[in-house]
Amino acid sequence: MTLRVSVIGTGYLGATHAACISSMGFEVIGVDTDPAKIALLAQGKVPFYEPDLEELLAAEIASGRLSFTTDITGTADCDIHFICVGTPQQAGSLAADLRFVDSALDAVAPIAKAGSLVVGKSTVPVGTAERLRQRLAAVNKDVELAWNPEFLREGFAVEDTLRPNRLVVGVTSDAAEKKLQELYQVNLDANTPWVRADLPTAELVKVAANSFLATKISFINAMAEICEAAGGDVTVLARAIGYDPRIGNRFLQAGIGFGGGCLPKDIRAFMARAQELGAEQALEFLREIDSINLRARQRVIELVRNDLSDDLAGKKIAVLGAAFKPDSDDVRDSPALDIAAQILAAGANVVVHDPKAMVPAQKRFPGLAFAETIDECLADAELVLHLTEWKIYREIDPDAAKKLVKNAIMIDGRNALDREKWIAAGWKFRALGRSSVQ
Ligand code: UGA
């Protein structure tokens, strides 16, 4: 008998997980309390932009294996229930808001059948799984709880879910591990590393990984600050240190730093949890990682001020990019959008372009102007900011662009443009961590 699976919470994580597990041949029911989201997903439409997901979702619905509902009782005969709801930052605190995780657990606990498994995938403060295990046991003794953190990246969500670089399972019994091995057999056959852990370690793996990634980015952005002060070039420095395989060259792209719905809130929630555990000293460095990250945004704004003689009032500034990273329409804690909003607040006439994120960006900051095309965005601009490294921005012809703008000043906030090409076309070219030029 093939496993039946429910996925509770159908955001980035849940919708992708549901479609991918279905594509492995299992019957999957996606559940969400938001009827509008469920109605869209049931028609094979994804309410956000994620490459390849919509095609996969539509194919899986057509196969008859994947369905969606707002009624959790429809999942009562499932063998595995995944909890994939969000854990945003609490208003007015660094800690994570666990309301959605708790209510998902409370909804599934009474209806889950004997012998089934409830598996948390959401990113949670360590200790949550044990608390949920006890909460589940108080309602339903015949169901176990496990933790299986998710490492997918937006923009690569389908690829990362189908071909993860490791699978981590926090379990309290061999039976629970066996059931998860049955589900992930195709990955095991492909030699995906399998790590069995206890519940707290499984929870910690996720936040430790995200903290390490955040640290890598802030490390290179700190080096960018030093390069600026000392007249060095951080892009050359990153390439040079990255050849050491112990360091590695990925996630060393200096620029305006990390944003999105994960890294910023995860390091903050980790600090908050460490404090509760009396281990705050161990994570003091994350406070510095957070400050370096936020400082990168201010450094770009300073470059803008310098180039416009500290007078932004009424000046048209073109902003290329609003999403927190390319291949995503996610603007949660987007460094690009934050910078655009701060320049707007300083009185500039900010015109933003993004291939996918303009609608969500406009919802967040209705005061910003948006241009449908790159040309319209650049027209008569007194300065151009490149803030999200979409491929189409690397394909801009600097000669043609120069004819559109009022002042040919480019600030590359992502160190992703071909500097020599832009300079050859007569642009003043600025970039974080590369003060040695111009
Ligand atoms: C991150 C992790 O990479 C995933 O492994 C994890 O599963 C996910 O969070 C999560 O917790 O769900 P994601 O938020 O999609 O994934 O984005 P990343 O690719 O990690 O990028 C985060 C931010 O760092 C972006 O704003 C990006 O522009 C920035 N970044 C990345 C840099 O500034 N420099 C770099 O070298 C790399």
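For K316, what residues show an amide H to amide H distance below 5 Å, using hydrogens built from the backbone and excluding near sequence neighbours?
Those lying under 5 Å, H to H, from K316 are N349, E382.
Jot down the radius of gyration and Dmax of region 171-226, Cα atoms only, both in angstrom.
Computed over the Cα atoms of region 171-226, radius of gyration and Dmax are 16.9, 53 Å.
Per residue, how large is the accessible surface of region 324-374? Use a 1.4 angstrom probe and give square angstrom.
Spelled out: the 1.4 Å probe surface of region 324-374, per residue, equals 40 Å².
How large is the dipole of the chain about the Cα centre if only Lys and Arg carry +1 and Asp and Glu carry -1, each at its Cβ, rounded to the nearest 20 debye?
The dipole magnitude comes to about 540 debye.
Reachable lysines from K121, Cα under 19 Å, same-chain residues fewer than 8 places away excluded?
K178, K179, K206, K265
May I ask you to give the percent of accessible area on the chain that is carbon plus sulfur, with a probe radius of 1.4 Å?
Carbon-and-sulfur percentage of accessible area, whole number: 54.
Taking each pair of distinct Cα atoms in region 73-124 once, what is the resulting Kirkwood hydrodynamic radius in Å?
Computed over Cα pairs of region 73-124, the Kirkwood hydrodynamic radius comes out at 11.9 Å.
State in Å² the accessible area per residue of region 1-55; use a 1.4 Å probe, count heavy atoms of protein chains only, and round to the nearest integer.
Spelled out: the 1.4 Å probe surface of region 1-55, per residue, equals 38 Å².
Rounded to two decimal places and with Rh computed the Kirkwood way over Cα pairs, what is Rg over Rh for region 207-289?
When Rh is taken as the Kirkwood radius, the ratio is 1.03.
Checking understanding here: applying a Kyte-Doolittle mean of at least -1.0 and a length along the axis of at least 24 Å (C-alpha), which whole DSSP H helices in the chain pass?
In the chain, the long hydrophobic H runs are 199-230, 284-307.
Beyond 36 Å, what share of the Cα-Cα pairs of the chain is found? Please give it as a whole percent.
Pairs farther apart than 36 Å: 33 percent.
Please report the accessible area of E280 (heavy atoms, 1.4 Å probe, ligands and nucleic acids excluded) in Å², nearest 10.
Accessible surface of E280 is approximately 80 Å².
If the reach is capped at under 19 angstrom between alpha carbons, list the lysines near K45, excluding any in the same chain fewer than eight residues apart.
Within reach: K37, K356.
Using mean Cβ contacts within 10 Å as the protection proxy, how do 242-248, 353-359, 69-75 order, highest first?
353-359, 69-75, 242-248
Rank-order 388-398, 413-423, 249-259 by packing density, defined as the average count of other C-beta atoms within 10 Å over each peptide's residues, highest first.
The densest-packed peptide leads the list: 249-259, 413-423, 388-398.
For region 1-62, I need the span (max minus min coordinate) of the C-alpha atoms along each principal axis, in Å, sorted largest to smallest.
Dimensions of region 1-62 along the principal axes of its Cα atoms: 33, 24, 19 Å.
Using the alpha-carbon centroid of each, what span in Å lies between region 49-108 and region 271-349?
Centre-to-centre (Cα) distance: 30 Å.
Rolling a 1.4 Å sphere over the protein heavy atoms, what is the accessible area per residue of region 207-289, to the nearest Å²?
50 Å²
The values are calculated or read from the model by the stated rules, or taken from the named source; none is laboratory data. What you see is a predicted model, and the numbers here were worked out from it, not measured in a lab. Heads up, the Cβs are rebuilt from the backbone with ideal geometry, glycines too, and the neighbour counts pull from every protein chain shown. Protein only, heavy atoms only, side chains kept; ligands, DNA and RNA dropped before computing areas. Shrake-Rupley method; radii C 1.70, N 1.55, O 1.52, S 1.80 Å.
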